[in-house]
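Structure record follows, encoded as structure tokens.
The numbers here are math on the coordinates, done by the rules we state, and not lab data. Because the structure is a prediction, the values reported are computed rather than measured. Using ideal geometry, Cβ is built from the backbone for each residue, glycine included, and neighbour counts are taken over all protein chains shown.
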Amino acid sequence: MFQLTNQPIDPAALEAAFRNEACGALVTFEGRVRNLNDGKPVERLEYEVFGPLAEKEGARIVDEALRKFAVAKALCVHRTGLLEIGGIAVWVGVEAGHRGAAFDACRFIIDEVKARVPIWKKEHYSDGRSEWVETVGPPVRN
């Protein structure tokens, strides 16, 4: 499953959905907004997304992980809109019988989401400037 949300991500609530007694591993990843990037002080981030395509490609990535690795369940949730420092921008959870598969699938999901899903990140700096960074392509304007 892949989800987009404009609401704060609650890791405890997401983890609660992972309770398969046949699984001995739950690996999670939280991507958080940091206050410095490439030596520039960051005040906040802004994410824009082309929703239908992002949801389709995100779901495809999670499905690939489920087929490629010996995992029982996987979920990725990505924020949209404005995020403050410390906010969770993306959360990935993977449940598996063993830790190796869970770690591998979790890493695969976050790496592929960053590489393939049309979500664009704009950094807002303390000097008032802002710029798009680490994007799949230019943001779509309506």
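What FRET efficiency, computed as 1/(1 + (r/R0)^6) with R0 = 22 Å and r the Cβ-Cβ distance, is obtained for Phe29 and His124, rounded to the nearest 0.05? Once rounded, the FRET efficiency stands at 0.35. Running a GNM on the chain with Cα contacts under 10 Å, which residue among Pro11, Pro41, Pro118 ends up with the highest mean-square fluctuation? Sorting by GNM fluctuation, first place goes to Pro41.
Take the Cα of Leu82, go 7 Å toward its beta carbon, and the backbone nitrogen atoms of segment 5-43 under 18 Å from that spot belong to 5-9, 33-35, 42-43. Around Val117, what is the net charge, scoring Lys/Arg as +1 and Asp/Glu as -1 over all other residues with Cβ under 13 Å from its Cβ? Charge balance near Val117 sits at -1. Please give the Cα centre distance for segment 71-118 versus segment 1-64, rounded to the nearest Å. Taking the Cα centre of each part, segment 71-118 and segment 1-64 sit 5 Å apart.
For the chain, the fraction of C-alpha pairs more than 21 angstrom apart is 44%.
Here's how it looks for Asn20: its modeled amide H is under 5 Å from none belonging to a residue 5 or more places away or on a different chain.
For segment 2-126, the relative contact order works out to 40 percent when only alpha carbon pairs closer than 8 Å and six or more residues apart are counted. Residues whose amide H lies under 5 Å from that of Ile119, counting only those 5 or more places away or on a different chain, are Val136; hydrogens are built 1.01 Å from N in the peptide plane. Pairing the Cα long axis of helix 51-68 with the longest principal axis of the chain, what angle in degrees results, from 0 to 90 and rounded to the nearest 10? Taking the Cα atoms of the chain, the angle to 51-68 is about 30 degrees. Across segment 104-112, computed HN-Hα scalar couplings (Karplus, 6.51 cos²θ - 1.76 cosθ + 1.60, θ = phi - 60°) run 4, 5, 4, 5, 4, 4, 5, 5, 6 Hz from first to last residue, x flagging Gly and Pro. In order along segment 22-28, the phi-based Karplus estimate (6.51 cos²θ - 1.76 cosθ + 1.60, θ = phi - 60°) of 3J(HN,Hα) comes to 7, 9, x, 9, 10, 10, 10 Hz; Gly and Pro are listed as x. For Leu82, the residues 5 or more places off, or on other chains, whose built amide H falls under 5 Å of its own are Tyr47. Between Glu55 and Asp10, the FRET efficiency estimated from the beta carbon spacing at R0 = 30 angstrom works out to 0.90. For the chain, the 222 nm mean residue ellipticity estimated from helices alone, with every DSSP H stretch of n ≥ 4 adding -39500 (n - 2.57) and the total spread over all residues, rounds to -9500 deg cm²/dmol. Could you work out how far apart the two model spin labels at Glu131 and Glu64 are, taking each label as a point 7 Å from the Cα in the direction of the beta carbon, and quote it in nm? If labels sit at Glu131 and Glu64, their model points lie 2.9 nm apart.
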